[in-house]
Amino acid sequence: MSLSTYSDLQTSIANYLARSDLTSQIPDFITFAENRLRRELRIRQMLKSVTTSSVSGDSTVELPSDFLEIRDFVVMTNPITPLSYSSPSSLSNDPRTSQVGVPKSYTILASEFQLTPIPDGVYTLKLLYYAAPAYLSSTNTTNTFLTTAPDALLYASLIEAEQYLMNDARINTWGTMYDRAISSLTRSDESTQYSGVPLSIKLTAR
């Protein structure tokens, strides 16, 4: 059957389980499955580009509420200044953390980016990141997971369902199908991004 809406997915899960008494539990299975995909799936359909501004004298910038993983982060100076990642421990020992100027590095602390040096003015920051799709619900009937990875979402939901039903034998079956779906999605995404791009070798002088 079609898996184009939240209702379709709920019906399909019930059909695969051959159960009609899990109506109140199935939404939970789907939410847990979406949490799993948020952790494990990274495809271009999840990419999002946003701009924000630094505040003079403030080294922190709030992460987007749907932030999962960073892909690129730059300061829109002329020319553009790429921001390099440093671990929190490395950045805490960087003497530039007490300096001011155009930011050159960042780390992530809780729900904020920390920039180094501290911005000495208002800078436009451009962020490319993997965004978490909004959870499916009766009012949000589709999202990126459902349109792009319906098989992975279905199998992940069935894994959660079989755990609830304590049906260990079927967990392995759906787990294998889920792993195959994720691998296939990842390979397809990589081949689409790099197909037609000629390979090149860079020689580094020592």
ask   = Rounded to a whole number, what % of the accessible area of the chain do carbon and sulfur atoms account for, probe 1.4 Å?
value = 51 percent
inquiry  = Probe of 1.4 angstrom, ligands and nucleic acids ignored: what's the accessible area per residue over the chain, in square angstrom?
reply    = 57 Å²
key: Cα gyration tensor shape for the chain, rounded if a/c is under 1.5, else prolate or oblate   = prolate
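Could you work out the per residue convex hull volume over the alpha carbons of the stretch 14-57, in cubic angstrom? Present the calculation step by step, with values, prior to reporting the outcome.
Numbers: hull volume 6.6 nm³, N = 44.
It comes to 149 Å³ per residue, whole-number rounded.
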note = Contour minus Cα-Cα span, Asn140 to Arg39, at 0.36 nm per residue, comes to 34.3 nm
query = Mind checking the angle between helix 6-17 and the chain's longest principal axis? C-alpha axes, 0 to 90 degrees, to the nearest 10.
reply = 50 degrees
Amide H partners (placed H, <5 Å) of Leu109, local residues excluded = Gln114
ask   = In the stretch 164-193, which residues have a backbone nitrogen under 17 Å from the label point lying 7 Å from Asp151's Cα in the Cα-to-Cβ direction?
value = 173-192
message = Charges on Cβ only, +1 for Lys and Arg, -1 for Asp and Glu, centred on the Cα centroid of the chain; of Leu22, Ser98, Ala156, which one is farthest towards the dipole's positive end?
response = Ser98
query = Residue-wise, which Karplus ³J(HN,Hα) couplings in Hz belong to the stretch 39-56, taking 6.51 cos²θ - 1.76 cosθ + 1.60, θ = phi - 60°, and x for glycine or proline?
reply = 7, 10, 10, 9, 10, 4, 5, 8, 6, 9, 10, 9, 10, 9, 10, 7, 10, 4
query = How large is ³J(HN,Hα), in whole Hz, for each residue of the stretch 155-171 in order, when computed from phi with the Karplus curve 6.51 cos²θ - 1.76 cosθ + 1.60 and θ = phi - 60°, using x for Gly and Pro?
reply = 5, 5, 5, 5, 4, 5, 5, 5, 5, 4, 7, 6, 9, 4, 4, 6, 4
ask   = Say a paramagnetic label sat at a point 7 Å from the Cα of Leu128, along Cα to Cβ; which residues of the stretch 41-59 have their backbone N under 18 Å from it?
value = 42-52
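Mind putting a number on the dipole of the chain about its Cα centre? Charges go on the C-beta only, +1 for Lys and Arg and -1 for Asp and Glu, and I need it in Debye to the nearest 20.
740 debye
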request  = Calculate for the chain the 222 nm mean residue ellipticity that helices alone would give, adding -39,500 (n - 2.57) per DSSP H run of length 4 or more and normalising by residue count, nearest 500 deg cm²/dmol.
outcome  = -12000 deg cm²/dmol
remark   = Given backbone amide H placed at 1.01 Å from N, residues whose amide H is under 5 Å from that of Tyr123, ignoring those fewer than 5 places away on the same chain, are Ser54
key: Where labels lie 7 Å past Cα in the beta-carbon direction, separation of Tyr164 and Ser87 in nm   = 4.0 nm
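The values are calculated or read from the model by the stated rules, or taken from the named source; none is laboratory data. Treat the numbers as computed from the prediction; the structure is a model and nothing was measured. Backbone-built Cβ (ideal geometry, glycine too); neighbour counts: all protein chains shown. Keep in mind that these areas ignore ligands, DNA and RNA; they rest on the heavy atoms of the full protein, side chains included. Shrake-Rupley method; radii C 1.70, N 1.55, O 1.52, S 1.80 Å.
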